[in-house]
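What follows is a set of notes on a single structure, which appears directly below.
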Amino acid sequence: MTAIQAEGLTKRYGETLALDALDLSIEPGEVYGYLGPNGAGKTTTIRLLLGIHRPTRGRAELFGIDAWADPVEAHRRVAYVSGEPFLWPAMTGAETMEFLARLHGGTDKAYRDELVQRFELDTKKKVRALSKGNRQKVQLVAALATRADLLVLDEPTSGLDPLMEMAFRECIREAKERGQAVFLSSHILSEVEALCDRVGILREGRLVDQGTLAELRHLSTQTVDVTFSDGVPQLRPLPGVQVSPAGPNALRFEVSGSVGPVINALAGHPVTALISREPSLEEIFMHHYDGHAGH
Amino acid sequence: MPATKAVAPPQPRVHRGARAGSGPAGALIGRAFRDARTLTVVFTYLFAVYSFVQPVGYRRVYTTPVSREDFARSFGTNPGLRLLYGEPHNVATISGYTAWRVGGVLAIAAAIFGVLAAVRALRGEEEAGRTELVLAGIVSRRTAYLSAMAAIGGATLILWAAEFAGFAVGGLPVGGSAYLALATASVIPVFAGIGAVASQIAPSRRIAAEVSGGAAGLFFLLRVIADTVGGAGWLRWATPLGWAEEMRPFAGARPVVLLLPALASALLLGIAARLGATRDIGSGLLPERTGASPRLWLLSSPTAQALRSQRDGLIAWAGGFAVFSFILGVVASSVSSSGIPASADRQIAKLGVGSVLTPSGYLAFVFFFYVLGISMFVCAQVGAARREEAGQQLETLLALPVGRTGWLAGRLLLAACAAAVIALLSGLLTWAGAIAGGTSVPVGQMLEAGANCLPAALLFLGIAALAYAAVPRASAAISYGILVLTFLWQVVGALLGAPAWLAGLTPFAHIGLVPTEPFRAAAAVVMIGIGLAAAGAALAVFRRRDLIGA
């Protein structure tokens, strides 16, 4: 059964259109990366998915249960980590995790103990005495330990150090192997690139691109750097290809689609080196934002 | 050390609510109850002590039936005391006296408790981002709401028991004590309901607290008018504080009146649940203004910015004092000394508030309460500074070229200036009200009475600042606690027959009751001196300590 199913999900706050007709479908065992800059609508999406805010239009279902109409049933198989570790300052880490476990309706205590070890968490300290990263770990451990079928994570690694970031990635991979679905909202591109099967890119409340990394790359431009032995030759213009100088004897070709026409055009010229590079997620991401800054 | 790879067990062993009572609702109620425990303990203490002291004090002061009759006659018509305590019944008896002296005051305290507890448990948790976390579990909004309300219900039960125990130990009949305590406690759910509805509608916690606090003030005002203005007694039915009076503990009890608070609270709590079922968590039904064109005034210094950000609160305090002053001024004309024997007046003086048999005596009595009110205001101002530290805005400020000493001194100066404005405004409006009501008092005298509130306010400002500097997390409890304790000591110390030196420990004993008594310059100088010394110590301590978060 589909873990997350959103159809035409829309949210308007007064004049602001925070989310515009989002369609989303996430299957068990899938890690979905939800990318977007600050204010793009990522947290709004999560609030709608959890039924904490009411959709202006459209609907969101978790395992086939409407999140707004019946949030309690919808949440039975869901664990959530909020972007800001808002917790109860007077409770210790252990108390907080126990409290959250009861609110969730149960947890795997053995796994929780193991996660506490892996995240090197001091559960005896009061939350108010913990750093932001450590409070985030409390939330993460509490959520992961429930073994919920769906993990909804809102920028879960903000404040974590690189070692803990690695521990987190490991946990997510294990969750995926067990068949858990993961909705990972993030703006850390390397994290999404390392973990996610599919990626959605949100801009100003609209999903502007969605697909596997390979699909996104395919639609995006490839970069081909070519070095010549003596001077840069004159080439006729090619459709879908942008050419720019890349040094005294080199040219950079930014190619949408196939690189075949570029290879044909280069035939007969004295090429000494040719480097072709797939676009990084960062480049794909920037591609969607470049030129839209004024919006 | 990096995390060691450990493959999770293949079979999930998820424990699902095995123990009875370990479900979400039980956990939530326990959590909410514990989060509010400081508030509950403070009010429990107030309820128990106040209800115990009154019957005991009455027995000490009014030893003979004659003195009790005199007392009863003199107070039947006195608006000064009716204002605070309500309409008296059977005050020649110990139970009737206690019901009168305790019922009215604790009903006001109960209203404040109800509003504070509800706004904190509902909107406060939401604004702290925790409600979202709770609702992401298998907890419905209804469960979360009912759990918060159940925790307030538990606290109400404790307050009822504290008041009941105070009366019973103080020697009142058990049945009547339980009923009198019930009359007070019945106020809590109504005002919790008002706080709950405001929490759904208002765009922020602060506005929810201000709106429901304003409603409590309005209902108090209605009760004051009902109890002090001739022919306005029917207004008691329009205010929950009046219902508690109309239950008539120890004066021909009318338990059927209990239906009013029961129905009103059920209605309010139901409305709040209904409103809360469909709104976006974290924002009220009324939209908050999320944007505005920049207004660049009052940004030149942290103190100016504090004035700017607290503008609404300052206006609310000043406006509240102004309205009350005017109305209490109007009421002054109905004070009459006819039929009150001198012996009774001497007895009243023992209550520690001077003579209240003349209009100017009554006004002096009123200003005595303004001292308490304005001192609360300065404590609230220091509390606002503490919130800025707890919310880490102060950290941001101090990372800039802003000095700690300057920051705190600026805040204290702002509080002192605002207190002066409020005090003089109260004097002016009392004068205007008195003139409007037909009582002739010189404006200079009323301004002096207003200014007379300031030395004590500065003293409490210094104490609050020192508490804030030394023990930031407990500072609100300490500063309000000292203020309320010294005030209660003034009101009950004499009743308990404390020796003069012990009774004189409270600053309230050293305030000249302007306009009936002369301004006591020496005492004022001492109070201001202690206040300044405490403020200086606060600056020194604050300079040396770490910033401490929430």
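Readers should treat all values here as calculations from the given coordinates under stated rules, not as data from a laboratory. Worth saying up front: this structure is predicted, and the values here are computed from it rather than measured. All Cβ positions, glycine included, derive from the backbone under ideal geometry; neighbour counts span all protein chains shown.
Summing charges over all other residues whose Cβ lies under 10 Å from the Cβ of B:HIS89, with Lys and Arg as +1 and Asp and Glu as -1, gives -1. Estimated translational diffusion coefficient (Stokes-Einstein, Kirkwood radius over Cα pairs, 4 °C, 1.567 mPa s) of segment A:163-223: 100 µm² per second. For segment B:147-201, the alpha carbon positions stretch 45, 17, 13 Å along the principal axes, listed from largest to smallest.
Straight-line cross-link reach from A:LYS125 at under 15 Å between alpha-carbon atoms covers these aspartates and glutamates, not counting any fewer than eight positions away in the same chain: A:GLU95, A:GLU98.
Karplus-derived 3J(HN,Hα) values for segment B:121-133, using 6.51 cos²θ - 1.76 cosθ + 1.60 with θ = phi - 60°, are 6, 9, 6, x, 5, 5, 5, 7, x, 8, 4, 4, 5 Hz; glycine and proline are entered as x. For segment B:449-526, the normalised intensity computed at q = 0.13, 0.19, 0.23 Å⁻¹ comes to -0.45, -0.89, -1.10 (log10 of I(q)/I(0), Debye sum over alpha carbons, equal scatterers, no solvent).
Using the alpha carbon gyration tensor of the protein assembly as shown, what are the three equivalent-ellipsoid semi-axes (square root of 5 times each eigenvalue), largest first, in whole Å?
Result for the protein assembly as shown: semi-axes of 65, 30, 23 Å.
Computed on the Cα atoms alone, the convex hull of chain A gives a volume of 165 cubic angstrom per residue. Would you work out which of B:VAL190, B:ALA238, B:ILE207 lies farthest towards the positive end of the dipole of segment B:150-248? Charges go on Cβ: Lys and Arg +1, Asp and Glu -1. Among B:VAL190, B:ALA238, B:ILE207, the one farthest towards the positive end of the dipole of segment B:150-248 is B:ILE207.
Computed over the Cα atoms, what is the radius of gyration of segment A:104-158 divided by 2.2 N^0.38 Å, N being its residue count?
Values: Rg = 11.2 Å, N = 55, 2.2 N^0.38 = 10.1 Å.
Computed over Cα atoms of segment A:104-158, the ratio equals 1.11.
Entry note: segment B:150-256 has Rg to Rh equal to 1.03, where both radii use alpha-carbon atoms and Rh is the Kirkwood radius. Out of all Cα-Cα pairs in segment A:24-164, roughly what percent, to the nearest whole number, are more than 26 Å apart? Every Cα pair in segment A:24-164 considered, those over 26 Å come to 25 percent.
By the combined test of axial Cα extent (at least 18 Å) and Kyte-Doolittle hydropathy (mean at least -1.0), the qualifying DSSP H helices of chain B come to B:37-61, B:94-119, B:141-169, B:187-201, B:205-228, B:259-276, B:311-331, B:359-390, B:404-437, B:454-470, B:475-493, B:521-544. Binning the alpha carbon pair distances of segment A:188-295 at 5 angstrom intervals from zero yields the distribution 2, 11, 20, 19, 15, 13, 10, 7, 3, 0, expressed in whole percent. The residue among A:MET1, A:LEU130, A:VAL31 whose Cα reaches farthest toward the positive pole of the charge dipole of segment A:1-146, with charges on the beta-carbon of Lys, Arg, Asp and Glu, is A:LEU130. Over all pairs of different C-alpha atoms, segment A:224-282 has a mean inverse distance whose reciprocal, the Kirkwood radius, equals 11.9 Å. Based on alpha carbons, the Rg and Dmax found for segment B:367-516 are 17.8, 57 Å.
The residues neighbouring B:SER186, those whose beta-carbon lies less than 15 Å from its own, together hold a net charge of +1 under the Lys/Arg +1, Asp/Glu -1 convention. How high is the FRET efficiency from A:ILE275 to B:LEU157, r the C-beta distance, R0 56 Å, rounded to 0.05? Calculated value: 0.15. Structure note, pairs A:LYS42/A:LYS109; A:LYS11/A:LYS176; A:LYS109/A:LYS176; A:LYS109/A:LYS137: Cα-Cα distances above 26 angstrom occur for A:LYS42/A:LYS109; A:LYS11/A:LYS176. Rg/Rh for chain B stands at 0.99; both radii use Cα atoms, and Rh follows the Kirkwood definition. The fraction of Cα-Cα pairs per 10 angstrom bin, counted from 0 for segment B:215-268, comes to 25, 52, 23, 0 percent, rounded to whole percents.
If you take all other residues with their beta carbon under 11 Å from the beta carbon of B:ARG120, and give Lys and Arg +1 and Asp and Glu -1, the sum is -2. Charging the Cβ of each Asp and Glu at -1 and of each Lys and Arg at +1, and nothing else, the dipole of chain B about its Cα centre rounds to 1340 debye. The Rg/Rh ratio of segment B:28-128, with both radii computed over alpha carbons and Rh defined as the Kirkwood radius, is 1.16. Starting at 0 and stepping by 5 Å, how many percent of the alpha carbon pairs of segment A:38-96 end up in each bin? Over segment A:38-96, the share of Cα pairs per 5 Å bin runs 4, 17, 22, 19, 16, 14, 6, 2, 0 percent.
Listed values for segment B:280-288 are Karplus-derived 3J(HN,Hα) couplings in whole Hz (6.51 cos²θ - 1.76 cosθ + 1.60, θ = phi - 60°), namely 6, 5, x, 9, x, 5, 7, x, 8, and x replaces Gly and Pro.
Loop sites by DSSP among the trypsin sites (Lys or Arg not before Pro) of chain B, restricted to those with at most 16 other Cβ atoms within 10 angstrom, leave B:20-278 as the longest stretch without any of them.
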